Amino acid sequence: MTHRFALPLIMACANLSLPAAAQDVRKGDITISQPWSRATAPRATVGAGYAQIRNGGKTADRLISVSTPRAARVELHSMTTQNGIMRMRPLSGGIALAPGATVALAPGGNHIMFMGLTAPLKQGERVPAALRFAKAGEVKVVFTVRAAGAAAPAHPHGGHQ
């Protein structure tokens, strides 16, 4: 009799330990999918944020800034490789979002830099942030902190590119 209840109870408890899946956040024509970050080292003062951003509209928009209470400042960055050397640079003009396009903010490419962290980012934590777009305005999201070496999550909608 007790075995009949053991498996469902074990399954329910196992689900409690998993971080909640990141939800899509939509405002107007902009959809932000799977905002996430990596856990940082114990004394780290910088971290990065990633997501998929889709402009489902017929006019271009632009991600112009990001803020979070977890960092003194936030910058939009690009990462490129030139002559075998990786270079990271701030994107002063923001990130363009063409009509109907999806832009990936991902490790090794365009991303969000959290600078002057108030505390290291820990796996399982949820970090609130506000993304500001030229036309869509402010969109509030929550970044889910994954393991330090985590790869990008699979895009739930098949990766519109």
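Screening Gly124, Gly109, Gly149 for residues that are free of Cβ contacts under 8 Å to residues at least 40 places away in the same chain and assigned to a loop (DSSP other than H, G, I, E, B) leaves exactly one candidate, Gly109.
Here is a yes/no grid of residues against (1) among the charged types (D, E, K, R); (2) more than 18 Å from the chain's Cα centre (by Cα); (3) exposed (fewer than 15 other Cβ atoms within 10 Å of the Cβ); (4) at pLDDT 95 or above:
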{"position": "Cys13", "(1), (2), (3), (4)": "no, yes, yes, no"}
{"position": "Gln23", "(1), (2), (3), (4)": "no, no, yes, no"}
{"position": "Ala71", "(1), (2), (3), (4)": "no, no, no, yes"}
{"position": "Ala96", "(1), (2), (3), (4)": "no, no, yes, yes"}
{"position": "Ala104", "(1), (2), (3), (4)": "no, no, no, yes"}
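Among the candidates Val139, Val145, Val127, the residue that is in contact with a Leu (Cβ under 7 Å, 6 or more places away or on another chain), under 21 Å from Thr59 (Cβ atoms), aliphatic (A, V, I, L, M) and open to solvent by less than 40 Å² (accessible area, probe 1.4 Å) is uniquely Val139.
The values are calculated or read from the model by the stated rules, or taken from the named source; none is laboratory data. Here the structure is a predicted model, which means the values were calculated and not measured. FYI the Cβ positions are ideal-geometry reconstructions off the backbone, even for glycines, and counts take in every protein chain you see. Protein only, heavy atoms only, side chains kept; ligands, DNA and RNA dropped before computing areas. Shrake-Rupley method; radii C 1.70, N 1.55, O 1.52, S 1.80 Å.
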